[in-house]
Amino acid sequence: MNNIILEANHIAKRFASTLALNDFSVTLERGKIIGLLGPNGSGKTTMLKIINGLLVPDQGTVKIAGNAPGTESKRIISYLPDKNYLTNWMSVKQLINYYADFYTDFDREKAMDMLKRLGLSEDMKFKTMSKGTKEKVQLILVMSRNAELYCLDEPIGGVDPAARDYILHTILSNYSKNATVLISTHLIADIESVLDDVIFIQNGSLRLHASVDQIREEKNMSIDSLFREVYRC
Amino acid sequence: MLGKLLKHEFIATGRMYVPVFIGTLILTPLLALLIRFSDIGEESNIFNMFLALSIFGYIMMLLAVFISSLIFVIIRFYKSMTTEEAYLTFTLPVKTSNVILSKLIPAVVCMVLSFVIFLISIFLFTLIMGALTPHTFSDFWRGFTEAYPYMEDYSSTFISMILVTILSALVALASLVLQVYVSIAIGQLMNSHRLLTSIGVFIALFFVIQLLTTIISIPIQNDYMRDVMFINESGNYDRFADVMFSNYFFSSFVGIAENIVIGAGLYIPTWYIFKKKLNLE
């Protein structure tokens, strides 16, 4: 199996007057947990949407396991958007059935197990849940797939610190050795310990792509400190 | 995968339509009874007010059945294809064509069901109002059997007419739904004023399509009028039914062909936009 899960070449995307992505190129290997880091509005969400085929870039190409975004890539990517994207009127049980119907890699037992751990009932309706609970359910569904690439957009933004720990633990333990996890966030300190690589994105361009160990060795600083230095206002 | 998409779409649309259907079937006898017993044939302000209100209520309800069925089509497509729900719709490992078809088929089916509910409601209403009695049915049947020998020559024509009419209605409905879809698709290309753009596109398309179909129908109706005049002058009235039927079939087939061409013309850009130009907020 080819060791490259994602290849983005010279991606550009403009919204009205702002250039969200500008000649952004990156290559991701299998089996890594990668932080996609950058301040608000730096292009993280736009990049994830392009990878998932929800936006079409103005220029450049994206290949996921060799395929442009499409049916094949959607089969192997598990995507957590930064929105409450699930159908409001459904119960957790209905949502699980929905996922199981469409994604052959969905592991129902894994989902039930995580629900139990986080004290969530499958009879709860999505509509009546709090913001944080909705995020937990979404993350459970996304992480219950045995995908090859997970794209998580701000997965821990709205949840309490205790659940945050459990979720990070879930992300770490629940994915197979060959899968890649791409996490976009600005809560760096919380996830720093689980990352293998980091990508710094600034004004839509790649600023840095390196392994966490390399940064610690060469610069002798944590990712959080490096981030604060790079993006100093 | 189309099967699974259809299953979930029927569930999602069913939850909107079924309450309207059930509500209609419950309200119809209630309103009919109210009308029947308010109409006591005497001058009484309170009863007359009841009567007027319940008749008005019944007409509004029938209107609501039709309007809601179209509104549900719009809401369902708009929400699942362009809002947050679209994040799930478009990350499912399914083809864009299947996604659109899985919206179109339940939309047409539910609109047809709305019409069936409308007919049932009218039937129930007349039944309860006392306008229909067992006599009505037996009279109708007797009339039918008496008239049948005279219509026998045309029985296959009548059956084909019914089939052609149903087919015309289905194709016209699908074309209307696709007109909604393409308007929403074009609207989502914009970075702002999406809904306004969609409404504008829909109205513009409506006028263009009306204009085109009217232009196409003019020569057909002219021919028909010429034939009718000819019969009138020659006094050969036996041919009148033939001319009328053939005009009906011919204009129906032209209508079906038009709607298929229009439907395809609306579907292709819808498909292209959602496949190649998806622009989720």
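The values are calculated or read from the model by the stated rules, or taken from the named source; none is laboratory data. Note that this is a predicted model, so its numbers are computed, not measured. Using ideal geometry, Cβ is built from the backbone for each residue, glycine included, and neighbour counts are taken over all protein chains shown. Calculation scope for accessible area: heavy atoms of the full protein, side chains included, ligands and nucleic acids excluded. Shrake-Rupley method; radii C 1.70, N 1.55, O 1.52, S 1.80 Å.
Take B:V243 and decide whether it is under 26 Å from B:C110 (Cβ atoms) and open to solvent by less than 30 Å² (accessible area, probe 1.4 Å). Write out each step before concluding.
Details: under 26 Å from B:C110 (Cβ atoms): no; open to solvent by less than 30 Å² (accessible area, probe 1.4 Å): yes.
Answer is no for this residue.
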Criterion (closer than 30 Å to A:Q59 by Cβ, more than 14 Å from chain A (Cβ to nearest Cβ) and either open to solvent by less than 30 Å² (accessible area, probe 1.4 Å) or among the acidic types (D, E) (or both)) met by exactly one of B:Y181, B:Y267: B:Y181
Filter region A:119-148 down to residues that are farther than 10 Å from A:S78 by Cα and of a type in the set (K, R) and give me whichever is modelled with the lowest pLDDT. A:K131
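With respect to B:V171, is the statement that it is touching a helix residue (DSSP H, G or I) at 6+ places or on another chain (Cβ under 6 Å) and either among the basic types (K, R) or assigned to a helix (DSSP H, G or I) (or both) true?
yes
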Criterion first (crowded, with 19+ Cβ neighbours inside 10 Å and part of a helix (DSSP H, G or I)) does A:L141 satisfy it? yes
So B:L280, is it under 30 Å from A:T71 (Cβ atoms) and in contact with a Lys or Arg (Cβ under 8 Å, 6 or more places away or on another chain): yes
Conditions (1) free of Cβ contacts under 8 Å to residues at least 12 places away in the same chain; (2) within 14 Å of chain A (Cβ to nearest Cβ); number of the one not met by B:L53: (2)
Exactly one of (1) surrounded by 15 or more Cβ atoms within 10 Å (Cβ to Cβ); (2) under 23 Å from B:L127 (Cα atoms) is unmet by B:S69. Its number? (2)
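Listed here are the residues, each with its yes/no results for (1) in contact (Cβ under 8 Å) with a residue 40 or more places away in the chain; (2) assigned to a loop (DSSP other than H, G, I, E, B); (3) out of contact with any Phe, Trp or Tyr (no Cβ under 7 Å at 6 or more places or on another chain); (4) more than 26 Å from A:N67 (Cβ to Cβ).
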{"position": "A:P155", "(1), (2), (3), (4)": "yes, yes, yes, no"}
{"position": "A:D165", "(1), (2), (3), (4)": "no, no, yes, yes"}
{"position": "A:L172", "(1), (2), (3), (4)": "yes, no, yes, yes"}
{"position": "A:K177", "(1), (2), (3), (4)": "yes, yes, yes, no"}
{"position": "A:A189", "(1), (2), (3), (4)": "no, no, yes, yes"}
{"position": "A:S193", "(1), (2), (3), (4)": "no, no, yes, yes"}
{"position": "A:R216", "(1), (2), (3), (4)": "no, no, yes, yes"}
{"position": "A:C233", "(1), (2), (3), (4)": "no, yes, yes, yes"}
Which residue pairs have Cβ atoms closer than 7 Å, lie 6 or more positions apart in sequence or on different chains, and pair a first residue in region B:90-105 that is open to solvent by less than 20 Å² (accessible area, probe 1.4 Å) with a second residue that is outside any helix (DSSP H, G or I)? B:F90/A:G53; B:F90/A:L54; B:F90/B:L278; B:T91/A:N52; B:T91/A:Y79; B:V94/B:M1
Those residues of region B:184-196 which are assigned to a helix (DSSP H, G or I), within 20 Å of B:E85 (Cβ to Cβ) and either open to solvent by 40 Å² or more (accessible area, probe 1.4 Å) or of a type in the set (S, T, Y) (or both), in sequence order: B:I186, B:L195
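Of the residues A:D105, A:D58, only one is within 29 Å of A:S211 (Cβ to Cβ), within 14 Å of chain B (Cβ to nearest Cβ) and out of contact with any Cys (no Cβ under 7 Å at 6 or more places or on another chain); which? Full working, then the answer.
Numbers: A:D58 fails: within 29 Å of A:S211 (Cβ to Cβ).
None of the other options fit; the residue is A:D105.
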Residues of region A:47-62 being in contact (Cβ under 8 Å) with a residue 40 or more places away in the chain and surrounded by fewer than 21 Cβ atoms within 10 Å (Cβ to Cβ), in sequence order, are A:D58, A:Q59, A:G60, A:T61
Can you tell me which condition A:K13 does not meet? The list is (1) assigned to a strand (DSSP E or B); (2) away from every other protein chain (no Cβ under 14 Å); (3) not small (G, A, S), and all the others hold. (2)
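With respect to B:F274, is the statement that it is in contact (Cβ under 8 Å) with a residue 60 or more places away in the chain and open to solvent by less than 50 Å² (accessible area, probe 1.4 Å) true? I'd like the intermediate steps shown before the answer.
Values: in contact (Cβ under 8 Å) with a residue 60 or more places away in the chain: yes; open to solvent by less than 50 Å² (accessible area, probe 1.4 Å): yes.
Yes: the conditions hold for B:F274.
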Kindly indicate whether B:L30 is open to solvent by 70 Å² or more (accessible area, probe 1.4 Å) and more than 20 Å from A:M90 (Cα to Cα). yes
So, in region A:89-102, how many residues would count as being surrounded by fewer than 18 Cβ atoms within 10 Å (Cβ to Cβ) and facing chain B (nearest Cβ under 8 Å)? 2
With the requirement that a residue be open to solvent by 10 Å² or more (accessible area, probe 1.4 Å) and more than 7 Å from chain B (Cβ to nearest Cβ), what does region A:63-88 give you? A:K63, A:A65, A:G66, A:N67, A:A68, A:P69, A:G70, A:E72, A:I76, A:D82, A:N88
Residue that is more than 14 Å from chain A (Cβ to nearest Cβ) and farther than 23 Å from B:A172 by Cβ, where the choices are B:L34, B:L5: B:L34
